[in-house]
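Here the structure is laid out as structure tokens; the discussion comes afterwards.
The values are calculated or read from the model by the stated rules, or taken from the named source; none is laboratory data. These numbers were taken from a predicted model, which means no experiment stands behind them. A quick note on method: Cβ atoms are made from the backbone with ideal geometry, for glycine too, and the neighbour counts reach across all protein chains shown.
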């Protein structure tokens, strides 16, 4: 039941305590990576390997810390550390609030409630994108902030979720990374996101329109680039679920219905997770 309690408490904190979003500063992750680079850059000739090793190091160190806390102190403290990590990684409440800002203001630059860099990172796009572009990224952004985190938390624990977030930040954050390294990191992200994105699409089919999902899933041609293929797949199906019979010019309608589909998909994930927990698949 530890898994269930961690997810329940993290979601309660995320949705109920609004100021928690202010604590999830992009500068925290960026400063950690920058300090890591300064110390380890002499040991790596390849910058891509240097960046990738950061995620591996995060995963190893977090697991060592949790093991030592369990042995030396008390399991309650390891539970608390796990909760803090999961709250930092999982962002459904913050994601919804940012989408509400975009929906109401139609321009993230006008918002005073969120840091611009943070909004840009959550939405995984540059701030000069058009309205159509902002629409197209909402479903992929939801997987990054919610479903991918949940998946890797269930498979590898909070350390796995944090390792995923660290790679995701290198790709979608405000860090300056050379083009070659970023290209290779996107290939890694493509592999990491493949299963959770397809599971998310299955949840869209369950909670909304199965036929629409099936039709567009079959019609989309696969790209050689797995990263772009994942984005294209979830974006196309998500957009068609929202706009299949409705007014394309109504932004508020679009964002509201997109949020409803994502929220229903999250409920489907949580329901399946509960069943797996009671089935003994997770602690």
- With criteria (1) in a helix (DSSP H, G or I); (2) modelled with pLDDT under 90; (3) surrounded by 12 or more Cβ atoms within 10 Å (Cβ to Cβ), residue 36 comes up short on (2)
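Residue by residue through the stretch 188-206, note down the ones that are farther than 16 Å from residue 236 by Cα and either more than 15 Å from the chain's Cα centre (by Cα) or in contact (Cβ under 8 Å) with a residue 40 or more places away in the chain (or both).
Selection gives 188, 190, 192, 193, 195, 196, 206.
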- Among the residues of the stretch 28-38, is there at least one that is in contact with a helix residue (DSSP H, G or I) (Cβ under 7 Å, 6 or more places away or on another chain), within 24 Å of residue 124 (Cα to Cα) and in contact (Cβ under 8 Å) with a residue 60 or more places away in the chain? yes
- Message: Take the residues in the stretch 67-98 that are touching a helix residue (DSSP H, G or I) at 6+ places or on another chain (Cβ under 9 Å) and not in a helix (DSSP H, G or I); name whichever of them is farthest from residue 163 (Cα to Cα).
- Response: 91
- Message: For the list (1) outside any helix (DSSP H, G or I); (2) within 26 Å of the chain's Cα centre (by Cα), I need the number of the one condition that residue 53 fails.
- Response: (1)
